[in-house]
């Protein structure tokens, strides 16, 4: 016993100092690991996709046959990698001063951002006098899917 302390007390006094060094070492290792993982994720995202390169378009159609015809033409011309046909939607809208309600089919297609500007005539086969065709830029997505999309739809 030294200065009235048990012999094991000296080991315990080194305990906090040792714990500090262990925590500091683990913190540095975790910081390095997290930094590496973060930079890799950022690099993967920035190398494979630039935000807004592609867009999603929405087109309403009067029936499934018109939707299929438009979808097939868009995909065959490589204007979209994929067109989804969503059946049985109900649209409520104002047309010529009256509220209308119609059953429609919705096309959702994924393509290059300038699709509508460059290929507006593609929807010229649409039977509506004023076709609903809108496009929204894709900010982020599954990198392998976005790569497939870029490969399937040339610039």
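Every number here is computed from the coordinates shown, using simple stated rules; none is lab data. Remember, predicted model here, so these are calculated numbers, not experimental data. Neighbour counts run over all protein chains shown; Cβ positions are idealised from the backbone, glycine included.
Here the gap between residue 84 and residue 136, fully extended at 0.36 nm per residue and compared with their Cα-Cα distance, gives a gain of 17.2 nm.
Mean projected area of the convex hull spanned by the Cα atoms of the range 54-152, taken over all viewing directions: 6.7 nm².
With a Förster radius of 30 Å, plug the Cβ-Cβ distance of residue 76 and residue 129 into 1/(1 + (r/R0)^6) and report the FRET value to the nearest 0.05. Could the numbers behind the result be given before it?
Details: r = 25 Å, r/R0 = 0.85.
Given R0 = 30 Å and the Cβ-Cβ separation, E is 0.75.
Once both labels are positioned 7 Å from their Cα atoms along Cα-to-Cβ, the gap between residue 101 and residue 145 label points is 3.3 nm.
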